[in-house]
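What follows is a short report on a single structure.
The values are calculated or read from the model by the stated rules, or taken from the named source; none is laboratory data. Here the structure is a predicted model, which is why all the values come from computation and not from measurement. For neighbour counting, all protein chains shown are included, and Cβ atoms are generated from backbone atoms with ideal geometry for every residue, glycine included.
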Amino acid sequence: MHIEQIHHVAYRCHDAKETVEWYVKHLRMDFQLAIAENHVPSTKEASPYMHVFLDAGQGNVLAFFELPDAPPMGRDPNTPDWVQHIAFKVKDMDTLLAYRTHLESNGVDVLGITDHSIFHSIYFFDPNGHRLELTALDEQEQYKRQKLDEVKWAMLNEWAETKRAPEHANWLHQKEFDDETH
């Protein structure tokens, strides 16, 4: 028994139409589906909503709910903005750079390119305040991921005991590692 894939991930939005138009324009996602009801099917609660679905590629779906009768949406004030985000993979570094140019030319503030060693990222916010990340795999991603796989349990166990970053993968951000492997 195994999970096949994520069917969809859903977030709240301020305005469903604005959200769909933003994702179509800026991330070139296709608008797949809209569902609107006045009662929540699972709870029978009276709560009008618009539920929209966007194609995030390869069977991945990003969905949003607009809830006009609910209190204004907010964020957990104890969680930094950089923690909760949605990350999308793009084909390669050229595509990542093209997206950065596209977003910036459309007035979206973009942070990065950030080098995470196994991948490179840019960050920005959608009109609802959700932080988004686009990533392109590093050319040595498979080799680096294999090295990380070898220490994942040791890192997790040490973290569980100390709540401090283990040093098993310090090489991730060391220039010497890149120089040695080229």
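From the list Glu21, Glu4, pick out the single residue that is free of Cβ contacts under 8 Å to residues at least 12 places away in the same chain and under 24 Å from Thr95 (Cα atoms). First the steps, then the outcome.
Numbers: Glu4 fails: under 24 Å from Thr95 (Cα atoms).
After ruling out the rest, the residue left standing is Glu21.
Do we have Gln32 as outside the structural domain of Thr19 (by TED's automatic domain parsing) and touching a residue at least 12 places away in the same chain (Cβ under 8 Å) here? I'd like the intermediate steps shown before the answer.
Values: outside the structural domain of Thr19 (by TED's automatic domain parsing): no; touching a residue at least 12 places away in the same chain (Cβ under 8 Å): yes.
Here the answer is no, as Gln32 does not meet what is asked.
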query = Does the stretch 107-118 contain any residue that is hydrophobic (A, V, I, L, M, F, W, C), modelled with pLDDT under 95 and surrounded by 16 or more Cβ atoms within 10 Å (Cβ to Cβ)?
reply = yes
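For (1) among the small types (Gly, Ala, Ser); (2) surrounded by 16 or more Cβ atoms within 10 Å (Cβ to Cβ); (3) in contact with a Leu (Cβ under 6 Å, 6 or more places away or on another chain), each residue gets a yes or a no:
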| site | (1), (2), (3) |
| --- | --- |
| Pro80 | no, no, no |
| Ala87 | yes, no, no |
| Val90 | no, yes, yes |
| Tyr99 | no, yes, yes |
| Ser121 | yes, yes, no |
| Gln142 | no, no, no |
Complete set of residues in the stretch 81-106 that are within 18 Å of Phe125 (Cβ to Cβ), of a type in the set (Asp, Glu) and either touching an Asp or Glu at 6+ places or on another chain (Cβ under 6 Å) or modelled with pLDDT of 95 or more (or both) = Glu104
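Can we say Val52 is under 22 Å from Lys89 (Cα atoms) and hydrophobic (A, V, I, L, M, F, W, C)?
Numbers: under 22 Å from Lys89 (Cα atoms): yes; hydrophobic (A, V, I, L, M, F, W, C): yes.
It is true that Val52 is under 22 Å from Lys89 (Cα atoms) and hydrophobic (A, V, I, L, M, F, W, C).
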Complete set of residues in the stretch 9-50 that are of a type outside the set (A, V, I, L, M, F, W, C), crowded, with 18+ Cβ neighbours inside 10 Å and not in a helix (DSSP H, G or I) = Tyr49
query = Since Trp153 meets every condition but one in (1) loosely packed, with under 13 Cβ neighbours inside 10 Å; (2) within 22 Å of Gln58 (Cα to Cα); (3) of a type outside the set (Ser, Thr, Tyr), which condition does it not meet?
reply = (2)
